[in-house]
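The block underneath contains the structure these notes are about, expressed in structure tokens.
The values are calculated or read from the model by the stated rules, or taken from the named source; none is laboratory data. Model, not experiment: these values are computed from the prediction. Neighbour counts run over all protein chains shown; Cβ positions are idealised from the backbone, glycine included. What goes into the accessible areas is simple: the full protein's heavy atoms, side chains included, and nothing from ligands, DNA or RNA. Shrake-Rupley method; radii C 1.70, N 1.55, O 1.52, S 1.80 Å.
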Amino acid sequence: RRAGLADDALAWADVLHEGPVPAGLDDAGLRRARAEFLAGADGADAADALRRLTERDRTLADGRAGDYLLWFEADLYDQLQITQILAVLGDLGVAPDRVTLVCIGEYPGIAHFGGLGQLEPGQLGGLLGAVATPLTAEALELGTAAWAALRAPDPGGLGRIAASRSPQLRFLGEAFDRLAREYPSTRDGLSLSERRTLAATSEEGAPAGTVFAR
């Protein structure tokens, strides 16, 4: 609102790389599964979590006759959210050229860019001309395929998404490569996060917060 970009924005607040996203559930079933997980992880009320997810999905669907402007970042958290949204928009019959994506992993002058929240309102507007990308049918199909691969009971499809290269979804392949590295390595049985945790922990040990910061 301060940037003059929109009166309202919809936040897609769900940490999709944690907890269940099982295939075989309809939209209502998936919302219930996510609400139960999020409530358990946050110590919140499951009914309230379900209400928020239901209102979120209804708001997205209510805009199906108009245009969508998506603002996201390069990290895994955001990339998985993009795949869910694109799959939903595809199911709603929204034409790809009515979906525009602003997605960045860096910003000029910011050495350690962490996300859109670092930018001032005036800087956000400049991204529309610099990196805003209307999606193609191929990008929408790739996002939908990525969502299906994430939800599949077998992780074998993650590799195809990790190897993908899309001018519109330029961070998707890297994000899925990172996701795949959370499965046990064939070398030592450890995930990448476990291996990094060990590397950040001295032989005499360290508090969890210190290890996390490292």
- Note on the structure: Of the residues in region 21-39, those that are more than 19 Å from ALA175 (Cβ to Cβ) and part of a loop (DSSP other than H, G, I, E, B) come to PRO22, ALA23, GLY24, LEU25, ASP26
- Could you tell me which numbered condition GLU194 fails, if it satisfies all but one of (1) under 22 Å from ALA23 (Cα atoms); (2) acidic (Asp, Glu); (3) open to solvent by 80 Å² or more (accessible area, probe 1.4 Å)? (1)
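Conditions tested, residue by residue: (1) among the aliphatic types (A, V, I, L, M); (2) surrounded by fewer than 15 Cβ atoms within 10 Å (Cβ to Cβ).
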position: LEU116; (1), (2): yes, no
position: THR136; (1), (2): no, no
position: LEU142; (1), (2): yes, no
position: ASP188; (1), (2): no, yes
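Residues are listed down the side, and each one gets a yes or a no for (1) more than 28 Å from ARG2 (Cα to Cα); (2) in contact (Cβ under 8 Å) with a residue 40 or more places away in the chain:
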position	(1), (2)
LEU30	yes, no
GLY40	yes, no
ASP57	no, no
LEU70	no, no
ALA74	no, yes
GLN79	no, yes
GLY90	yes, yes
LEU124	no, yes
- Counted residues in region 156-186 being closer than 18 Å to ALA87 by Cβ and either in contact (Cβ under 8 Å) with a residue 40 or more places away in the chain or open to solvent by 40 Å² or more (accessible area, probe 1.4 Å) (or both) come to 8
- Within the set of pairs 6 or more residues apart or between chains, which connect a residue that is over 19 Å from GLU182 (Cβ atoms) inside region 197-208 to a residue that is open to solvent by 70 Å² or more (accessible area, probe 1.4 Å) with Cβ atoms less than 9 Å apart? ALA206/ARG214
- Note on the structure: Conditions (1) closer than 18 Å to PHE72 by Cβ; (2) modelled with pLDDT under 95 -> ARG178 fails only (2)
- Item | helices (runs of 4 or more DSSP H) wholly inside region 119-214 containing at least 3 residues that are within 19 Å of the chain's Cα centre (by Cα) | 137-151, 158-162, 172-180
- Query: Inside region 10-40, can you point out the residues that are over 20 Å from LEU92 (Cα atoms) and open to solvent by 70 Å² or more (accessible area, probe 1.4 Å)?
  - Reply: HIS17, GLU18, ARG32, GLU36
- Evaluate the following for GLU120: is it over 22 Å from ASP7 (Cβ atoms) and open to solvent by 60 Å² or more (accessible area, probe 1.4 Å)? no
- Over region 62-98, the set of residues in a helix (DSSP H, G or I), small (Gly, Ala, Ser) and open to solvent by 20 Å² or more (accessible area, probe 1.4 Å) is GLY90
